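Right, one structure below, let's go through it.
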Amino acid sequence: MSLITVTHVQKYFGSDHVLVDAGFQLNEGERLCLVGPNGSGKTTLLRCIRGEETTDGGSIAVTPGIRVGVLEQHSDFGDAATVWDAAMAARPELLSCRAEARALEDAWTANEHPTNDDLDRYDEVHERLRHLGDEAYESDVKAALAGLGLPEPAWEQEPSTLSGGQRTRLAIARLLLAGTDVLFLDEPTNHLDVAAIEFLEDFLGRYPGAALIVSHDRYFMDRVGNKTVELFEGRTKSYPGNYSNYVRLKAEEVERQTKVFEQQQEEIQKLQIYIDRYRAGNRATMSKSRQKALARIERVERPRDMEGPNIRFRAEVRSGDMVLDVREVGKSYDGREILKDVSLEVRRGERIGIIGPNGSGKTTLLKIIAGEVGADGGTVRWGMNTEPGYFAQEMDMPLWGDTVLDALMDVAPLSIAEARDTLAQFGFRGEDAFRELPVLSGGERNRLQLAVLLERGANVVLLDEPTNHLDLPSRDALQSALARFDGTLIFVTHDRYLLQGIATRLVIVESSGVTTFDGTYDDYRRHLERLNRPKPVSRKNEPIRKGRGERAPKPEEIEAEIQAMERRVAALTKILADPNTYADPDAAPKASAEYDDLTRRLPEMYAAWEAASETA
C-alpha cells in the first residue's frame, strides 16, 4: 500500500524552476533513499511533502492517519530539564497515560473508597499503557541513548548544554522511540561515529514502518535502502534496490541511451549528406523525400548524468619502497594520553584507512605523520623521495589570494589556461574561477583544497575526512580518482563506502591502543562478526529433532527447552537494555548476535512443540 504519493510536483523560487516534474511512491516497508547533487531540491521536496512549502503544480497525497516522525536539523527539546526527560518525551501519549494513572492513585490515597467508575477507568488506563509498551519503555530509552553514543553520565545534562553532535544523537533517539509509521531522515548520519551509525542501521533493519531518507552516506544507503529515487535537474526517477544497485542500473541506462543517441546522430548525418549532395539534379526528388524523412525524426537527446568533477591525482616523483616508519609515537593533551607507543610501517602503493571512534586520536595521528603536530615521544621517518601532501578536515589549509584562481596559481607555476583546466576538473568552470574565497561553501572549499593538493604533485597523500561537505557525484569522482592514484594513500574517514572501495589495510585507533588489519573494511567487519559470534549453545537449548533410530521428543521435553531459551532471551534483553553493556565494545555485538540466533530458532521450537502435541 502506498503511504505517500508524489505526482508531477513543480516548485519555483522566483524564476528558478527547482522542481520540474517530481514524482514517486513511498510504500509500506520501503526504505526510500532520495539522492541528487547539492542544490537539486531534495530538502525542498521533503518540505513540500511535509506541508512546510506550497507546490506550484502537481499533487502530494499522504494516507490519512499515518504517524510521521521527522529528524530536524535543528531540534527543539521543549522545556525538558534533562536529556533523559527529553528522550522520555518521545511518547507523549504514554506519558499522559502514566500521569493519569498516578492521578487516580493519588486520589485514592486521599479517598480510600474509589468508585466503580474510577476502578474501570484505572483498568482502561493500564490496558492502554500495556498496549503502548509501558513496561519496556524505559529499557528502550536506555538502549537508544547508549547505542547512539549518549552514555549515562550525559542523561542528567540539560539538552541546551549538549554539543551539536550530541543534540543530533538525542534527536535520533527520540525519533526512534516515537513509534511512528514513517520516518523522514535528512542526513541522519551527520555527527555520528561508526558505532552509532551501525546502531541506527540495525534499528532500521528491524523497523516495521517506512522511511524516506536523504543522505550522502553511500554505505548507510547500501545497508538500509531498498529503493532509490534520483532527483536531477528537477525531475525524479525511481530505481529498485540500494545505492550501489542504483549506480549500476543508472550507468547501464546512460550507456544504452548514449548508444541510441549516437546511432540516431549517425543516421541523421547520412541523411543530411545525401540531401546536400543531391539537392539539385536528377535526384532532387529523392533529396526532398529524404529531407521530409529527416524532419519527421523525433530527436533523441544526449543523456545527461549527475557528473562529479573530473579529478585526476598524479605523483610527480616515484618514492622509494619504504615510504614511512612510525616508531613508538605517543601524544597527550591536558594530561590525557591520546596515543601510546604507536608503530606503523607504510610501503609504496599502500592504501591505508585510519578508523576508530570519535575522539580516539585518529586526526591527531595523521597530524603527527604530516608534521602538523609534534609527538611527545617516538619518531616519524619518511623514506627516500617522498613528497607528502596533507588535506585537513578543518578546512584550515592556507589559501592565498583573493579568488579561486589565485589560490591555485599560488602553489603551482601554471599559466592561466592551465590553472583553469585544473579548476574545471574540480567543478570550477567559467566565472567560478574568479569567485572570492570567503564566499565559498564548505564543499567548494574542499574541492579547491583538493585541487591545490593535486598540483603539488605529492606521491604520498594524507587525507582527513576528504568527503565531508561533498555531494554524491563529487564523492564518487574523488573515490575514482583515488583508486587510480599511483602513489601512497593514508586517510582518516567515517565514509565506509570510501573505505571499502579504496583501503587495502586498516589502522584501528581505540582507547585500548592502535592495531592494524590487512584487508578491506568488509573483511574487517566479517572478522569482528566471527570474534563476536556466540559460542554454540549447549545441547539442551538446541531444537530437539528426531534422528534415525531415535524416539520422537515428547511435548513436555520441547516445552522445557523453549522455556530455557525464553529465559535466556529475557536475560539478553536486559543486557542489551543496560547502558553499561555498550561501554565494552565486544559485549553488545556478542549479546545481540546470541539474541538474534535464539529469536530466529524459537519459532522452530514452537512448530516442533505443536507437531509433537498433535501426535502425543
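What follows is calculated from the coordinates using simple rules that are stated; it is not laboratory data. Note that the coordinates shown come from a computational prediction; the quantities given were computed from them, not determined experimentally. Cβ placement follows ideal geometry from the backbone for every residue including glycine, while neighbour counts extend to all protein chains displayed.
Taking one quarter of the surface of the convex hull spanned by the alpha-carbon atoms of the range 4-54 gives a direction-averaged projected area of 3.7 nm². The H on the amide N of Val492, modeled in the peptide plane, is under 5 Å from the matching H of Ile354, Leu463, Asp464, Glu465, each at least 5 residues off or on a different chain.
Cross-link reach is defined here as a Cα-Cα straight distance under 12 Å, omitting same-chain residues fewer than 8 places apart; for Lys142 the aspartates and glutamates meeting it are Asp85, Glu152, Asp578. For Phe261 and Asp523, a Förster radius of 51 Å and the Cβ-Cβ distance give a FRET efficiency of 0.80, rounded to the nearest 0.05.
With bins 10 Å wide beginning at 0, the percent of Cα pairs of the chain falling in each bin runs 3, 12, 19, 22, 19, 12, 7, 4, 2, 0, 0, 0. For helix 243-277, what angle does its Cα long axis make with the longest principal axis of the chain, in degrees from 0 to 90 and rounded to 10? Taking Cα atoms only, the helix is inclined about 30 degrees. Distance distribution P(r), the range 286-420, all Cα-Cα pairs, bin width 5 angstrom from 0: 2, 7, 11, 13, 13, 11, 10, 8, 5, 3, 3, 3, 3, 3, 2, 1, 1, 0, 0 percent. Against the chain, whose longest principal axis is taken from its Cα atoms, helix 164-177 shows a tilt of about 60°.
Taking the C-alpha atoms only, the angle from helix 555-577 to the longest principal axis of the chain is near 60 degrees.
Are any of the pairs Lys42/Lys227; Lys42/Lys250; Lys42/Lys237; Lys362/Lys590; Lys237/Lys270; Lys227/Lys250 more than 23 Å apart by Cα-Cα distance, and if so, which? Pairs exceeding 23 Å: Lys362/Lys590; Lys237/Lys270.
Three principal axis extents describe the C-alpha atoms of the range 14-147; from largest down they are 71, 32, 29 Å. For Lys554, the lysines whose Cα comes closer than 16 Å to its Cα, not counting residues fewer than 8 places off in the same chain, are Lys540, Lys546.
Output the Kirkwood hydrodynamic radius of the range 141-271, Cα pairs only, in Å rounded to one decimal.
Working: mean 1/r = 0.0575 Å⁻¹.
Kirkwood radius, the range 141-271: 17.4 Å.
Over all distinct Cα-Cα pairs of the range 225-283, the Kirkwood formula returns a hydrodynamic radius of 14.5 Å. Close amide H contacts of Asp181 (hydrogens built in the peptide plane, cut-off under 5 Å, sequence separation of 5 or more or a different chain): Arg67, Val68, Gly69.
Here the Kirkwood formula, the inverse mean of 1/r across different C-alpha pairs, assigns the range 343-475 a hydrodynamic radius of 16.2 Å.
Coupling constants for the range 76-86 follow from the phi torsions by the Karplus curve (6.51 cos²θ - 1.76 cosθ + 1.60, θ = phi - 60°), and in residue order they are 10, 9, x, 9, 4, 7, 9, 4, 4, 4, 5 Hz; glycine and proline get x.
Pairs of alpha carbons in the range 393-466 separated by more than 15 Å make up 49% of all such pairs.
In a shell of Cβ-Cβ distance under 14 Å around Thr258, excluding Thr258 itself, what net charge do Lys and Arg (+1) and Asp and Glu (-1) give? The partial results should precede the final answer.
Working: positive: Lys250, Arg256, Lys259, Arg302, Arg304; negative: Glu252, Glu253, Glu255, Glu262, Glu266, Glu301, Asp305, Glu307.
Neighbourhood net charge equals -3.
Based on alpha carbons, the Rg and Dmax found for the range 88-191 are 17.6, 55 Å. Peptides 172-180, 142-150, 186-194 ranked from most to least packed by the mean count of surrounding Cβ atoms within 10 Å: 142-150, 172-180, 186-194. Note on the range 468-529: Cα Rg divided by 2.2 N^0.38 Å, N the number of residues, gives 1.21. For the range 130-210, the Kirkwood hydrodynamic radius from C-alpha pairs, put into Stokes-Einstein at 25 °C and a viscosity of 0.890 mPa s, yields a diffusion coefficient of 184 µm² per second. Loop-located GluC sites (Glu not before Pro) in the range 312-358 (DSSP state other than H, G, I, E, B) with a sparse environment of at most 14 neighbouring Cβ atoms within 10 Å: Glu316.
Against the empirical 2.2 N^0.38 Å scaling, what ratio does the C-alpha Rg of the range 289-355 come to? Don't skip to the answer; put the middle values down first.
Working: Rg = 28.2 Å, N = 67, 2.2 N^0.38 = 10.9 Å.
Working it through for the range 289-355, the quotient is 2.59.
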